[in-house]
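Worksheet for the structure shown next.
The values are calculated or read from the model by the stated rules, or taken from the named source; none is laboratory data. Keep in mind that what you see is a predicted model, and the values were worked out from it rather than measured. Reconstructed Cβ throughout: ideal geometry from the backbone, glycine too, with neighbour counts over all protein chains shown.
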Amino acid sequence: MTAEPSPQSPWQAATITRIEKRTPRVTSFWFQPSRPFTHLAGQHVDIRLTAPDGYQARRSYSIASAPEAGGGVELAIERLDDGEVSPFFHDVAAVGDEIELRGPLGGHFIWEEGDGGPILLVGGGSGVVPLMAMVRHRTLRNKAVPVALVFSARIWDEVIFRDELIGLDDRLDGFNLVLTLTREPARRPSDYSRRVDARMIVQAAERLPKAPRLAYVCGSNPFVSAAADALIGAGVPAEIIRTERYGV
Amino acid sequence: MVTRGFFSGRRPPSDTDARIPPGQYLEQGFPVLSAGPTPRVRTEDWSFTLKQGPKPIKKWNWAEFNALPQSKMTRDIHCVTAWTKFNTPWQGVMIDDILADAGIEPPTAYTLALSFDGYSTNVPTKDLVTGKAMVALLYEGKAITPDHGGPARLLVPHLYFWKSAKWVNGLQFTERDEPGFWELRGYHMYGDPWREQRYSSDP
């Protein structure tokens, strides 16, 4: 098997069409690619910034929007103070700017309607972004798939997509939101105020009608290590757990 | 395409720049990436098997493997997620010395590295021999931690680092170039950082 050379550059220009602040540190940017594509929930794109002297910086960002959403590709970008690319987006990028983008990419941390369920999603901070694409895909395509999303954030105001997630939870249609705040008391009776642990995973899984078929864990490396151990401690088989990590 | 308002404050000095492949940035830490939970492989359960196709050639336990001649390699490593880390110091058993202990010449042109968690990755055999690659047992003089692939990981530093399989437990010689885990999921069959062979659509 030999890779076929691409007939054209895999990079393309994408125009920023909308910017919306999600939390104090996370802002969503919508991109309209010049060559539109359909992604799978959980996939990412690579972004490449080029300076006047030719220097380039590239980073990967997960797609938050559902494949069938329309209106461009939503990336929810967290500001990293020592970052090189995220401060550019937060401080400089404006609607109408063209950014180079490549994708969609990734063939492992993905969920398609046909993969079935129930699915157990566990996200820490901006690790919720690819899980959000899965939740939205499920809601638009097949609400019969039961989902539990365990979402860990430091404080209530840092819960990305908070209103949308609580709105989905309130529909009682098989989507279950389990919020846990690590630096504030819980706001809702069913939520937690501690780090993700095995007991929390057991209780989240109990909200599903049967044992999860697939589990997805995304966040910083320490978060994913701890959360994956919690899943295993809760009896979730390692073979059904997919992880995506970022940071050092 | 120049990005409006983006300036290259982070361009490294030219002597450093020459060691960073295209599209990569210099990282001081050592990020961890993996497709699933971190397996905790106990050395008493550890083994390493050379195979030709399905047929085992030779198998070592932890003590036997550690008794093989050990070498050191200090190399720059390049992850497909765009970080490059300089001067990572490893110690382990060169693939050449594994083959010598098994008393064989490489039987085929392609190899699949196999891991305890079911992961696999393909590497041409010529990229594993003549001093190019090892099964690493130590990092910075200490046992490799589980999140970095311990007890033992493959080290093929001249290719993107997903080729350096964590939790490695064997090498399987194959007649054809058979894609491994990430290669079946859109990543490049060879993965040369200097040619920026990240994804299957890259030349």
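Tabulated values for the structure
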quantity: Selection count where residues are loosely packed, with under 14 Cβ neighbours inside 10 Å, facing chain A (nearest Cβ under 7 Å) and modelled with pLDDT under 75, scope the stretch B:1-15; calculated: 1
quantity: First in the stretch A:44-64 and closer than 13 Å to A:Arg102 by Cβ, second anywhere and in a loop (DSSP other than H, G, I, E, B) and of a type in the set (Lys, Arg), Cβ under 9 Å, 6 or more apart; calculated: A:Asp46/B:Arg198
quantity: Residues located in the stretch A:234-248, provided they are at the interface with another protein chain (Cβ under 7 Å from one of its Cβ atoms) and without any contact (Cβ under 8 Å) to a residue 40 or more places away in the chain; calculated: A:Ala238, A:Ile241, A:Arg245, A:Gly247, A:Val248
quantity: Only listed residue being surrounded by fewer than 15 Cβ atoms within 10 Å (Cβ to Cβ) and of a type in the set (D, E, K, R), chosen from A:Asp81, A:Asp46; calculated: A:Asp81
quantity: Counted residues, the stretch A:143-170 - those being of a type in the set (D, E, K, R) and modelled with pLDDT under 95; calculated: 1
quantity: Residue count for the stretch B:179-195, restricted to those that are more than 8 Å from chain A (Cβ to nearest Cβ) and surrounded by fewer than 18 Cβ atoms within 10 Å (Cβ to Cβ); calculated: 3
quantity: Checking B:Asn66 against (1) within 14 Å of chain A (Cβ to nearest Cβ); (2) surrounded by 14 or more Cβ atoms within 10 Å (Cβ to Cβ), the condition it does not meet; calculated: (1)
quantity: Those residues of the stretch A:211-233 which are more than 11 Å from chain B (Cβ to nearest Cβ) and closer than 25 Å to B:Lys85 by Cβ, in sequence order; calculated: A:Cys218, A:Gly219, A:Phe223
quantity: Pick from the stretch B:95-106, criterion in contact with a helix residue (DSSP H, G or I) (Cβ under 9 Å, 6 or more places away or on another chain) and not in a helix (DSSP H, G or I), ranking: farthest from B:Asp76 (Cα to Cα); calculated: B:Glu105
quantity: Of all residues in the stretch B:24-54 being within 30 Å of A:Thr50 (Cβ to Cβ) and not aromatic (Phe, Trp, Tyr), the one that is farthest from the other protein chains (Cβ to nearest Cβ); calculated: B:Leu26
quantity: Any chance A:Val150 is among the β-branched types (Val, Ile, Thr) and within 21 Å of the chain's Cα centre (by Cα); calculated: yes
quantity: Some residue of the stretch A:116-127 being touching a strand residue (DSSP E or B) at 6+ places or on another chain (Cβ under 7 Å), surrounded by fewer than 23 Cβ atoms within 10 Å (Cβ to Cβ) and modelled with pLDDT under 95; calculated: yes
quantity: Strands (runs of 3 or more DSSP E) contained in the stretch A:14-130 and holding at least 1 residues within 14 Å of chain B (Cβ to nearest Cβ); calculated: A:26-33, A:44-50, A:56-62, A:98-105, A:119-124
quantity: Qualifying positions in the stretch A:49-64 - in contact with a strand residue (DSSP E or B) (Cβ under 6 Å, 6 or more places away or on another chain) and either within 15 Å of A:Glu112 (Cβ to Cβ) or surrounded by fewer than 16 Cβ atoms within 10 Å (Cβ to Cβ) (or both); calculated: A:Ile63
quantity: Candidates B:Thr84, B:Thr38, B:Thr74, filtered to the one that is within 18 Å of the chain's Cα centre (by Cα), of a type in the set (Val, Ile, Thr) and assigned to a loop (DSSP other than H, G, I, E, B); calculated: B:Thr38
quantity: Candidates B:Ile57, B:Ile20 - the one that is in contact (Cβ under 8 Å) with a residue 12 or more places away in the chain, in contact with a strand residue (DSSP E or B) (Cβ under 8 Å, 6 or more places away or on another chain) and away from chain A (no Cβ under 14 Å); calculated: B:Ile57
quantity: Boolean, B:Thr43 is at pLDDT 95 or above and surrounded by 14 or more Cβ atoms within 10 Å (Cβ to Cβ); calculated: yes
quantity: Qualifying positions in the stretch A:155-183 - in contact with a Gly (Cβ under 9 Å, 6 or more places away or on another chain) and touching a residue at least 60 places away in the same chain (Cβ under 8 Å); calculated: A:Glu158, A:Ile160
quantity: Subset of the stretch B:89-132 that is under 13 Å from the mean Cα position of the chain (by Cα) and among the aromatic types (Phe, Trp, Tyr) - its residue that is nearest to the other protein chains (Cβ to nearest Cβ); calculated: B:Tyr119
